[in-house]
Amino acid sequence: MTPLYLGVDAGNSKTAAMVCAPTGEVVGAGLAGCGDIYGAETPQDAVDEVFAAVTRALDEAGAKLEQLAGAALRLAGVDWPEDREFWHDTLLAHWPAALPRSILNDGYAAIRCGEPSGTGVAVIGGTAAAVAARGPDGALWELAWWGQHPMGALGLAQEAFRAIVLAELGEAPATELARAVLDFYGLDSVRELNHWLTRRVGAARHPDRARCAPAITAAAVHGDPVAMGLVAEQGRRFARYAAVAARQVGLSGDGRPVSVVLSGSVLTAQDSPVTSALLGRLPAYLPDAVVHQAVIPPVGGAALDALAEGGAAPDQDVLERLARSVQERGARR
């Protein structure tokens, strides 16, 4: 029987699970809600969503947990040792003890999404942001709570909301961001926007706040100076943290190429000005960076981690086959 491997990528906006063969062919996939123990209503809610995504992927594959040769869980909210222990204990209570599994922060999911070695830096700009690195000796480091700047779609939105409100008060330059964001949400005034963001009952949740990121980047492309400044600063932050991650795992300073994989909706959007800003800044912070755009979603990178940990080390052919399999499944749907 062909061994099967499970990858899980859990974030705030969704949780994705994927079952694949050693060749990279995807045989099952499942989606569910927030799998972040920090972001869900309760940790158990996050657990339920992760298990729901896994169950859907296994059902589509016609497989059971006991048939898996390995599993790699890349979970938002695995930031400290006690978070990993929480998931370890949870899986031990529900999964077969003999099933090999690894539990890491979701930032690691994207490292294999652009090149298959698993050594390098992942920079993810999605609803939120994640940066993680794996060194040549297997050393690991993730940004998690070390990050001191808002990034990703939520970061862009947070900075834009601040600029809009300060401009309304006459304490910052006027900006077209106000009209762009109000139109995006169908609101009539900055006061109405501020109320929606801050009211005690029914305030905007993170996914709702993050949705306006395309409106912000569009304003930057159209030349609004404030939006352009926000985008430029996002790129600089991503570049700096990529360099920090590389340094933490011994990947920088010796002249060898450093793989940097870009993933997430903000950084993979066509003609993304944030990506352009990042690429413009990266050589100054990480001169030996070799940039790869992710060709598979992060859950695919998690699945490739499971293959590697199970002894079926993925190569470029496997990565490309998995990418084709994902595309074909999307086309069929």
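Once the 1.4 Å probe is applied to the protein heavy atoms, the chain comes out at 45 Å² accessible per residue.
What is the chain's relative contact order, in percent, from Cα pairs under 8 angstrom and six or more apart in sequence?
Relative contact order, the chain: 22 percent.
Within the set [x] 19.1, 56; [y] 19.4, 65; [z] 20.2, 68, the number that Rg and Dmax of the Cα atoms in Å takes when calculated for this structure is listed as [z].
For the listed peptides 69-77, 268-276, a ranking on the average number of other beta carbons within 10 Å per residue, highest first, reads 69-77, 268-276.
What ranking, highest mean first, results for peptides 237-250, 211-224 when packing means the other Cβ atoms within 10 Å averaged over each residue?
Details: 237-250: 22.4, 211-224: 19.8.
The packing order, highest mean first, is 237-250, 211-224.
Which residue, chosen from V291, G301, S259, occupies the Cα position most advanced towards the positive end of the dipole of the chain, where the dipole is computed from +1 (Lys, Arg) and -1 (Asp, Glu) charges on Cβ about the Cα centre? My answer, from the dipole projection, is V291. The fraction of accessible area contributed by carbon and sulfur in region 55-195 is 53 percent, rounded to a whole number (1.4 Å probe; ligands and nucleic acids excluded).
Please give the calculated 222 nm ellipticity per residue for the chain, where each DSSP H segment of at least 4 residues contributes -39500 (n - 2.57) and the sum is spread over every residue; nearest 500 deg cm²/dmol?
Details: 12 runs with 152 residues, N = 333.
For the chain, the value works out to -14500 deg cm²/dmol.
Quick check on region 267-313: take the gyration tensor over C-alpha atoms, sort the square-rooted eigenvalues as a ≥ b ≥ c, and tell me if it's rounded (a/c under 1.5), prolate or oblate.
Values: a/c = 4.55, a/b = 1.85, b/c = 2.45.
Oblate is the answer for region 267-313, as a/c is 1.5 or above yet b/c matches or exceeds a/b.
Heads up, I need the accessible area for H195: 1.4 angstrom probe, whole protein in place, Å², nearest 10. It works out to around 100 Å².
The values are calculated or read from the model by the stated rules, or taken from the named source; none is laboratory data. Values in this document were obtained by computation on a predicted structure and should not be read as measured data. Heads up, the Cβs are rebuilt from the backbone with ideal geometry, glycines too, and the neighbour counts pull from every protein chain shown. Ligands, DNA and RNA are stripped out before the accessible areas are found, and what is left, the full protein with its side chains, is counted by its heavy atoms. Shrake-Rupley method; radii C 1.70, N 1.55, O 1.52, S 1.80 Å.
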